[in-house]
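The values are calculated or read from the model by the stated rules, or taken from the named source; none is laboratory data. Keep in mind that this is a model prediction, so the values were computed, not measured. All Cβ positions, glycine included, derive from the backbone under ideal geometry; neighbour counts span all protein chains shown. Note: areas computed on protein heavy atoms with side chains; ligands, DNA, RNA excluded. Shrake-Rupley method; radii C 1.70, N 1.55, O 1.52, S 1.80 Å.
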Amino acid sequence: MSKWWSLALLSLQAFGAQAAQTAPAAAPASTTVTILGVDHAAQLVSERDQPALLTAFLERVAPDAICIERAPEAYARGDYYEFTYEVQDVVVPYARREGIELCPIDWEPSVEDQRLGFGMSLDVPPELRLLKGFPSFLTFGADALQRDLFRADDPANVAKVTQWAATPAKRGKDDLARRMYLYRTYLQARRILAAARAHPGGTIAVVVGEFHKHDIEAILKDEPGLRLAQPSSYGRPDAKQVAAHDRPEYRVAIASFNLLGQQSSTGAVDYAFVGRSLEKLEAAGATPQTRLFRVRLELLQGKIARETAIARYRAIAAEAGDARFGWNGVKDAARVDSYFDAFGNLDVRRRALLEAARETWAAGDSAGAQALFEACAEGLSARQRNQLRGYWERDVAVKPTAEKAPGN
């Protein structure tokens, strides 16, 4: 190569380098993040926030990834919080059916730190869960029956937790939960940011407890290349779209939570919503499960007498065989309970026997109730029998007399 051509090439290279230094860098593609604040498991009591509505909404957003409220380490081993129905039973299955990436974004302290700070492991319930306080069975008040999918978009609806988060406890030793909440929410935001950076120009949907939503948005709002969109801006799916996303397992969960769980004792049940869910199940054919739900619904509504319910429960038990419920919310199969139902891990036959025992006891026939209870307990593990007896004696067979309860 001649000297002249060498000089020309060097000049062109220098010009190119200078142009690269002076030309403005291309702006990164903006990534949209929409954060849906939820009340964990409230989808089971509110028709305006039902499971099929959640998946219909996600379809409308069409996200490249969905962020869920669980720590990456726990998610990797298929471990979820008991009470996050919307995560493990709605969002995760939907994302896997549709081939959408899932991003776990939560953080929780180690078990050692939990015990140090709270005196217990927060994920491990006692042998008998409490009726009040933590950790008790999950129930909702009457206001939850009207909860809307987009409730958390309005900051006024979560103003109490915002105030709590900004106000230190009067005594420093009582401030751990608030301090941990702030740190936890901050790390949730950082993991959401990482998910967004992995999908430049895409869309990230976040499904997280409503108490975290606005703090996460405050942390992310000034990030370059990030656009926050309120879920309500996508519009509400119509009835046809919701119906297209309804699934049998959603209907079973709605019936189980409201009819068999502790929710049934609160009086806060949308019987019309539950009834429509049960009718859809029955339309696919009567089963021991649907027959049990129907008896319980009609009994709670006062449509049948106790004696009629007992007879029908006995008939279901005689015909159920080894039928299981299509959904029960049980996390630890070694226990007899779930997070919302003291007897959630019973199969249909045993549950029918238990319900017959409950009504027989209420009718004053303790000997008959005893026999039904023993039939229900037969075949359970020693631990399950002890829990069954403990819940029965504490919560069901309670009389202001010295008469012994079934199981004694």
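Computed on segment 253-363, with alpha-carbon pairs under 8 angstrom and 6+ residues apart, the relative contact order is 29 percent.
Going through the cross-link list K213/K331; K132/K160; K170/K221; K303/K331; K132/K331; K240/K280, which pairs have a Cα-Cα distance over 24 Å in this structure?
Working: K213/K331 26 Å; K132/K160 21 Å; K170/K221 31 Å; K303/K331 34 Å; K132/K331 20 Å; K240/K280 15 Å.
Over 24 Å apart, Cα to Cα: K213/K331; K170/K221; K303/K331.
Rounded to the nearest 20 debye, the dipole magnitude of the chain is 180 debye, with +1 charges on Lys and Arg beta carbons, -1 on Asp and Glu beta carbons, and the Cα centre as origin.
Taken as Cα centroids, segment 209-246 and segment 331-345 sit 33 Å apart, rounded to the nearest whole angstrom. Less than 5 angstrom separates the built amide H of V33 from those of I204, R227, L228, A229, all sequence-distant by 5 or more or on a different chain.
Couplings 3J(HN,Hα) for segment 232-248, derived from phi with the Karplus relation 6.51 cos²θ - 1.76 cosθ + 1.60 (θ = phi - 60°), are 4, 5, 7, x, 8, x, 7, 4, 5, 5, 5, 4, 5, 9, 5, 9, x Hz, where x marks Gly and Pro. Surface composition of the chain: carbon plus sulfur atoms hold 54% of the accessible area, using a 1.4 angstrom probe and ignoring ligands, DNA and RNA. The H on the amide N of F343, modeled in the peptide plane, is under 5 Å from the matching H of S338, each at least 5 residues off or on a different chain. Segment 266-296 and segment 130-202 have Cα centres spaced 32 Å apart.
Phi angles across segment 196-210 convert, under the Karplus curve 6.51 cos²θ - 1.76 cosθ + 1.60 with θ = phi - 60°, into 3J(HN,Hα) values of 5, 5, 7, 10, x, x, x, 10, 10, 9, 10, 10, 8, x, 4 Hz, Gly and Pro given as x. For the chain, the solvent-accessible area works out to 48 Å² per residue, with a probe of 1.4 Å and every protein chain left in place.
Given a Förster distance of 25 Å, report the FRET efficiency between A156 and A239 from their Cβ-Cβ distance, rounded to the nearest 0.05. So, using R0 = 25 Å, E works out to roughly 0.35. Converting phi to 3J(HN,Hα) with the Karplus coefficients 6.51, -1.76 and 1.60 and the offset θ = phi - 60°, segment 105-120 yields 10, 8, 9, 9, x, 4, 4, 4, 5, 4, 5, 5, x, 10, x, 6 Hz in sequence order, with x at every glycine or proline.
I want to verify a result. In a Gaussian network model of the chain, Cα cutoff 10 Å, which of these has the top mean-square fluctuation: T287, T139, T55? Most flexible of the set in this elastic network: T287.
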